[in-house]
1. Starting from the stretch 100-115, keep only residues that are assigned by TED's automatic domain parsing to the domain that holds residue 160 and touching a residue at least 24 places away in the same chain (Cβ under 8 Å), then list their pairs with residues that are surrounded by 13 or more Cβ atoms within 10 Å (Cβ to Cβ) and outside any helix (DSSP H, G or I) whose Cβ atoms are within a distance under 8 Å, requiring at least 6 positions of separation or different chains.
2. Residues being over 21 Å from the mean Cα position of the chain (by Cα) and surrounded by fewer than 14 Cβ atoms within 10 Å (Cβ to Cβ): count how many of those fall in the stretch 106-129.
3. Would you mind telling me which numbered condition in (1) on the phi > 0 side of the Ramachandran plot; (2) within 17 Å of the chain's Cα centre (by Cα) residue 155 fails?
4. Out of all the residues in the stretch 7-58, which are buried (at least 18 other Cβ atoms within 10 Å of the Cβ) and more than 19 Å from residue 201 (Cβ to Cβ)?
5. Find the helices (runs of 4 or more DSSP H) located wholly in the stretch 148-207 whose residues include 3 or more that are closer than 18 Å to residue 98 by Cβ, and list them.
């Protein structure tokens, strides 16, 4: 059977686009990424299929789908088989909870990221940044405890539960602000960095 082909709409400096591009590499899928959103703007044709004015969206000839973590679940189920989409609903749910947990973490990290990547240094609000870094650390304390017991957020092996926070971990470790250390997360992140798709699609300059 031919390798599935799809179009990934979105600029690669988006955390949510990175998730999908990285996972496509993990699955060995061929795809074409088309820049849209941010500095590239949106076309009327795109907004007709995704009226949220957000990225990413994929089109694979079967569906036009938006919402990054929903896209990951679809890709796992449609193209990944049981290796990526376990048949056992408990195993699947225990991994997928980290995908939803990631959204609260992302909200905490937004200001430090935007300050470092897109705001002139003289405009940084350090008090606000420090407060949000502390909020990130509070979330990461939960993740640290779990990774002290399991090797991956997905459980016994790397899976889609690791993808969303893997992307955000790259930003966390790249930010130049004072941050607490999390040894279990650092070990997990070191193993994430060794994955070729992560290096290619996620470890790019923050912009």
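The values are calculated or read from the model by the stated rules, or taken from the named source; none is laboratory data. Here the structure is a predicted model, which is why all the values come from computation and not from measurement. Backbone-built Cβ (ideal geometry, glycine too); neighbour counts: all protein chains shown.
1. Filtered contacts from the stretch 100-115: 112/175; 112/177; 113/175; 113/206.
2. Total meeting the criteria: 8.
3. (2)
4. 46, 50, listed by residue number.
5. Where helices (runs of 4 or more DSSP H) fall fully within the stretch 148-207 and carry at least 3 residues being closer than 18 Å to residue 98 by Cβ, they are 163-174, 183-193.
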